[in-house]
Amino acid sequence: MRFALSSEQLDFAASLRKLLEAGRTPAAVRAWASGDPTPGRALIRQLADVGALGLLVAQRHGGLGAEPIDLVVAFQEIGRAAVPGPLVETVAAIPILLQTLPDPGLAARWLPGFAAGKALGTVAFQPPGHSGTALDADTAEVVLLAHRTQLCTGHRTGLVRSIDPARRLFAVAADDIIAEGETIRAAAAAGFDAGTLACAAQLLGAGRALLRASTEYARQRRQFGKPIGEFQAVQQKLADVLIALDLAEPLLYRAALTMTGPTRSRDVSAAVIACGDAAYRAARAALQVHGAIGYTAEYDLSLWLTKVTALRSAWGTTDLHRSRIARALRDETEQDRTAQGIA
């Protein structure tokens, strides 16, 4: 299995990075958190102009019909820049959910607007016995609720507080049923895994942004007459972060390459755990390297620190994903034993 990115994918990542670095993203994040989505929507429209919002949307619906690995490339840059908004839902989860359903009308209804950046969507996956929450349900034009064998449009019923002020979560209640049947389960599972994959890529990108910020700060901050980056303890801490990020990356690429295979859920769960742990390690190291200034809301570092903390459980807790991995491994072992005729 080949994990190296193609030259086209590397060029795509570079173009996204250049666009987002010029887009005054921290100001857009703060405006979004305060209830003003205008700068953030302008930034999202720029992403749509270069095709980033239609990556998984079929060409017949105005998208690119790209591969999941291209999604991973894009969301690493989105995470690196901490772009606000329900992009995971709009770009990954909802397109896969709708395009997995047998009725093509729902995809044709909303996906062209998503790909063009004219509309945003959000979705709540509601497990039995739990209330669903959707990101930015006050801003998105399309709010969906996937519950067992039903897919419904929804409306927000109350704000759910997040550690990341730019992640405006809302409890969602169902309105009209737009699709129902057993196919909803499979479509929702596929959409959830696509969202989890994009979230893992976001985490890896955010972790690399934190490592870069910490490295640059360690070169500038002086103590005892020399940059703190020359102290072995600081070097070792940042090296550990780099190792964790580099080890998580192959798991992310593997999950992207197996999205249509039988190990999809297992690989996605492994990726989001590894990327989440690596990003969290980067966040802790960034706080220790920056010291007290890293805790202040006015300092841009806080935008990445809060986002990493929120994203680690945004698409399922670590316990949920570890249980999915364990269940998949157990099932594979039982299948192997059965195939070998072992009682």
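Does residue 172 satisfy the condition of being closer than 30 Å to residue 27 by Cα and either assigned to a strand (DSSP E or B) or in contact with a Pro (Cβ under 6 Å, 6 or more places away or on another chain) (or both)? For residue 172, the condition - closer than 30 Å to residue 27 by Cα and either assigned to a strand (DSSP E or B) or in contact with a Pro (Cβ under 6 Å, 6 or more places away or on another chain) (or both) - is met.
With the requirement that a residue be acidic (Asp, Glu) and over 23 Å from residue 296 (Cα atoms), what does segment 3-56 give you? Hits for segment 3-56 are 8, 11, 49. Considering 144, 204, the condition of being among the aliphatic types (A, V, I, L, M) and farther than 15 Å from residue 106 by Cβ is satisfied by 204 alone. In a residue-by-residue description of segment 198-215, the property of being more than 20 Å from residue 76 (Cβ to Cβ), more than 20 Å from the chain's Cα centre (by Cα) and either crowded, with 20+ Cβ neighbours inside 10 Å or without any contact (Cβ under 8 Å) to a residue 12 or more places away in the chain (or both) applies to no position. Once segment 31-50 is narrowed to residues that are touching an Asp or Glu at 6+ places or on another chain (Cβ under 9 Å) and surrounded by 12 or more Cβ atoms within 10 Å (Cβ to Cβ), the residue that is nearest to residue 111 (Cα to Cα) is 37.
So, in segment 24-60, how many residues would count as being farther than 25 Å from residue 138 by Cα and assigned to a helix (DSSP H, G or I)? Total meeting the criteria: 2. Counting the residues of segment 321-332 that are touching a helix residue (DSSP H, G or I) at 6+ places or on another chain (Cβ under 8 Å), among the aliphatic types (A, V, I, L, M) and at pLDDT 95 or above gives 1. Within segment 256-270, residues that are closer than 14 Å to residue 323 by Cβ and without any contact (Cβ under 8 Å) to a residue 40 or more places away in the chain have Cβ atoms under 9 Å from residues that are among the charged types (D, E, K, R) and assigned to a loop (DSSP other than H, G, I, E, B) in no pair, counting only partners at least 6 apart in sequence or on another chain. Residue 123 satisfies every condition listed in (1) assigned to a loop (DSSP other than H, G, I, E, B); (2) among the β-branched types (Val, Ile, Thr); (3) closer than 26 Å to residue 46 by Cα except (1).
For segment 286-293, state whether one or more residues are buried (at least 21 other Cβ atoms within 10 Å of the Cβ), under 24 Å from residue 5 (Cβ atoms), of a type in the set (Val, Ile, Thr) and in contact (Cβ under 8 Å) with a residue 40 or more places away in the chain. No, the conditions are met nowhere in segment 286-293.
Please verify whether residue 310 is in contact (Cβ under 8 Å) with a residue 40 or more places away in the chain, touching a helix residue (DSSP H, G or I) at 6+ places or on another chain (Cβ under 9 Å), aliphatic (A, V, I, L, M) and surrounded by 13 or more Cβ atoms within 10 Å (Cβ to Cβ), treating the condition exactly as stated.
On the way: in contact (Cβ under 8 Å) with a residue 40 or more places away in the chain: yes; touching a helix residue (DSSP H, G or I) at 6+ places or on another chain (Cβ under 9 Å): no; aliphatic (A, V, I, L, M): yes; surrounded by 13 or more Cβ atoms within 10 Å (Cβ to Cβ): yes.
So residue 310 fails the test.
In summary, residue 129 fulfils each of the numbered conditions (1) at pLDDT 95 or above; (2) at positive phi with the single exception of condition (1). Scanning segment 61-110 for residues that are in a loop (DSSP other than H, G, I, E, B), of a type in the set (A, V, I, L, M, F, W, C) and either buried (at least 18 other Cβ atoms within 10 Å of the Cβ) or at pLDDT below 95 (or both) yields 66, 82, 83, 101.
The values are calculated or read from the model by the stated rules, or taken from the named source; none is laboratory data. From a predicted model like this one, the values you see are computed outputs, not experimental measurements. In this analysis, Cβ positions are derived from the backbone assuming ideal geometry, glycine residues included, and neighbour counts consider all displayed protein chains.
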